[in-house]
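**Q** One structure, as C-alpha cells, below. Some questions next.
The values are calculated or read from the model by the stated rules, or taken from the named source; none is laboratory data. Worth saying up front: this structure is predicted, and the values here are computed from it rather than measured. Counting neighbours? That spans all protein chains shown, and the Cβs are built from the backbone with ideal geometry, glycine included. Accessible surface areas use protein heavy atoms only, side chains included; no ligands, DNA or RNA. Shrake-Rupley method; radii C 1.70, N 1.55, O 1.52, S 1.80 Å.
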Amino acid sequence: MYKLINNIETQEADTVQRLSDNVCIPFDPSNIDYQEYLEWLSEGNTPEEAE
Amino acid sequence: MIQVLLLLFLLDNDGWYYNMATIINADTSNGLELTSDTSGEIELQSAGVTKAKVTANGLQDANGNPLHGGSYRNLIINGDMNIAQRGTSLTGMTNSGGTSYQTVDRFMFGGSGSPFGTWTQSQDTDVPTGQGFANSFKMQCTTSSTDDGQLLFQQRIEGQNLQYIKKGTSNAESLTLSFWVKSNKTGTYIAELKDNDNTRQISYAYTIDSSDTWEKKTITFAGDTTGTFDNDNGRSLDAVFYLKASIALSSGTLNTSWNSTVNANRAVGQVNLADSTSNYINITGVQLEVGEGASDFEHLPYDVQLQRCQRYYNRFGYPFQTPSTGRRIGAGQVPATTVGIVCVPTPTTMRAEPSFDWSNLSLNDVTTNQTITSISTSYQTHGCVTANYNVASGLTRDQPCNLRFSSTSAYLAFISEL
C-alpha cells in the first residue's frame, strides 16, 4: 500500500510513501522504488490520497 | 625513416643453432617493435625464470594471468565486502517474494516462489588466508526448505559503466568473473551474467570441491556481439550467484553462450543450499573485468570504496555511525508550520533521485523540536539532497531550522539502488 504526499507549494503529489516501511519515494523514473510503485499501479491498485 | 632489421641466430643448450625469428624493428615513426616467432609469445625472463610474457591475449604474468593493471578495472563495487552501511548482520530473513539490500553494500539478496527457508545474512570476518581480505559476505541457513523456489544474490551494474565492453559490436570484450568462495555444501553452483537491456543471458556452472574450504573460482564469459547496453544510469547488467534454483529456472539445458533469455536454461544443475540448517556460503574478492583471465583483486582504499557505494546508498546515523541525540545533519528554513526545507550534504552525486528511509528524526526551529512524519518534494544537486521534511504542526514560519537525530538509534538513509 502507498500514500501520496503533496508538494506544499503546488498541492500536487510529487512523492509517495510506502506504508509497509514508511519509505518516501520521489516521482523519478530512474528510482527502482518508483518503478515498483508504477508496477503496483499497473496491477489496478490505487494509493491513499494525500492529506 | 631509419629502419633496422635484425634476425637473430643463437646457440641453444644442445649446440644447435636456431632461429628465434625475433625481429627488432625500429624507426623514427613507430619506435621499437619486437615480433614473436610462430608461437605467438614473447617472454621476459630474469635469471632464466619467466616473469612476464606477451601472448595473443595480451600482457600476462608467468602463470598466464593478465597484467591489465588498470585502475577501476573491477566492474563490481565493494567486491571485498568491506562496506556495510546498513549493518553487519540481519537474522530471520524469509521469502517476501521480493529483493532487498540488507548488510554488505551493493549486494542484493533475492528470492521468489515458495518459501526458501530462513536465513541470516552478515558481513563476516572469515576470509581466505593471505589474500588481503578482511571481510566476506555470508548467508547462513537457519530454517531449511526443499520447496520449489529460487535464491540468489547479485550485483546490478549501470549501463554507462559498461560502454567500454563494446557489447553488441564485433569488438565485444570477454569478461572474466573471479571470486573466493567457501561453503559446507559441495557441488554445482551457477553464476550468470544477465543483460537487462536486451533480455539476454549467459550462465556458467562452477563446482565447490571441498567443504569448509576457501576456493578461488575464475569464469570467463565470451563477448556478446548482439545487443548494446544503454548508455545511461539504468540497470543493464546483473552478475548473479545462485544458491537455489526453482524448477522454472532449471528444467532445461544450461545456456553457456550468450542467447536470448530462456528461463528454463538459466540455473540448471544448481544445488539447493537451503536444504539443511547447517548450510552456509561465504564469498569475497568478487571481480568482473575485461579479458580472458583474472588479474589480482583490485583492492581500493576504504574511502574510495565507500564513496562508490554512496552513489547508491547513503546512511547517516545508526548503525553505520554512532549518533548522539540532538546532532545536526542538515540545515534549512521553515516555509510553513508543518514543514522545513533542509539540505543534507552528500559525498557524491547519487545515481537517481533517492528514496528516503529514516527513524527518530526531528526538526528544530530554535524554539521547538518536531518529529518527522514524511519526506517529500526532493531534489539533488551536486553534494546536496534537498527535501521537505514534514511534521504534524508546531514550527514557526520563516525561522531557520535544522534536522536532528532524536535518539542514539536514529538514522536517515538516501536510497538510489538499482
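**Q** How would you classify chain B from its alpha-carbon gyration tensor, with a ≥ b ≥ c the square roots of the eigenvalues: rounded for a/c under 1.5, else prolate if a/b is greater than b/c, otherwise oblate?
**A** Here chain B falls in the prolate category.
**Q** I want to make sure I understand the PRE zone here: with the label point 7 angstrom from the Cα of residue B:348 toward its beta carbon, which residues in the stretch B:393-418 have backbone N atoms less than 15 Å away?
**A** B:414-418
**Q** Which lysines does residue B:185 reach when only Cα atoms under 16 Å apart count, and residues fewer than 8 places away in its own chain are ignored?
**A** B:138, B:216, B:217, B:244
**Q** Hey, with R₀ at 45 Å, roughly what FRET efficiency would residue A:27 and residue B:47 work out to, going by the Cβ-Cβ distance, to 0.05?
**A** Between residue A:27 and residue B:47 the formula returns 0.10.
**Q** Where the accessible area of the protein assembly as shown is counted over protein heavy atoms with a 1.4 Å probe, how much of it, in %, is carbon and sulfur?
**A** Accessible surface attributable to carbon and sulfur in the protein assembly as shown totals 47 percent.
**Q** Over all distinct Cα pairs, what is the inverse of the mean 1/r for the protein assembly as shown, reported as the Kirkwood hydrodynamic radius in Å?
**A** This gives a value of 25.2 Å.
**Q** Can you give the longest stretch of chain B with no exposed loop site, where a site means chymotrypsin sites (Phe, Trp or Tyr not before Pro) in a DSSP loop (not H, G, I, E or B) with at most 14 other C-beta atoms within 10 Å?
**A** That gives B:73-418 as the longest site-free run.
**Q** Something else: Would you list B:397, B:266 from the most to the least accessible area, probe 1.4 Å?
**A** Heavy-atom accessible area, descending, gives B:397, B:266.
**Q** Which is farthest toward the positive dipole end of chain B among B:174, B:242, B:93, measuring Cα position about the Cα centre, with Cβ charges +1 (Lys, Arg) and -1 (Asp, Glu)?
**A** B:93
**Q** On to the next question. With a 1.4 Å probe and all protein chains kept in place, how much accessible area does residue B:226 have, in Å² rounded to the nearest 10?
**A** 70 Å²
**Q** Then there is this: Rank B:282, B:304, B:335 by how far each Cα sits towards the positive end of the charge dipole of the stretch B:222-339 (+1 on Lys, Arg Cβ; -1 on Asp, Glu Cβ) and give me just the farthest.
**A** It is B:335.
**Q** How much length is gained if the chain between residue A:51 and residue A:19 is pulled fully straight, taking 0.36 nm per residue apart and subtracting their Cα-Cα distance, in nm to one decimal?
**A** 10.1 nm
**Q** Something else now. What is the extension gain from residue B:392 to residue B:131, computed as 0.36 nm multiplied by their sequence separation minus the C-alpha to C-alpha distance, in nm to one decimal?
**A** Additional length available on full extension: 88.6 nm.
**Q** If each residue of separation counts as 0.36 nm, what is the full-extension length gain between residue B:25 and residue B:164 once their alpha-carbon separation is subtracted?
**A** 46.9 nm
**Q** Between residue B:257 and residue B:94, what is the FRET efficiency for a Förster distance of 25 Å, r being their Cβ-Cβ separation, to the nearest 0.05?
**A** It comes to 0.10.
**Q** At a probe of 1.4 Å, how much accessible area disappears from chains A and B on forming the pair, both sides counted, to the nearest 100 Å²?
**A** For chain A against chain B, roughly 1400 Å² becomes buried.
**Q** Using only Cα atoms, find the angle between the long axis of helix A:32-42 and the longest principal axis of chain A, and express it within 0 to 90 degrees, rounded to the nearest 10.
**A** With rounding to tens, the tilt is 80 degrees.
**Q** Please calculate how many Å² of accessible area the protein assembly as shown carries per residue, with a 1.4 Å probe and no DNA, RNA or ligand atoms counted.
**A** Counting only protein heavy atoms, the per-residue value for the protein assembly as shown is 45 Å².
**Q** Need one value for B:333-344: mean number of C-beta atoms belonging to other chains within 10 Å of its residues' C-beta atoms.
**A** Per-residue shielding by partner chains comes out at 1.
**Q** Cut-off under 22 Å on the C-alpha distance; same-chain residues fewer than 8 positions from residue B:166 excluded. Which lysines are left, in chain and number order?
**A** B:194
**Q** In percent, how large is the relative contact order of chain B, given Cα pairs closer than 8 Å and 6 or more residues apart?
**A** Answer for chain B is 14 percent.
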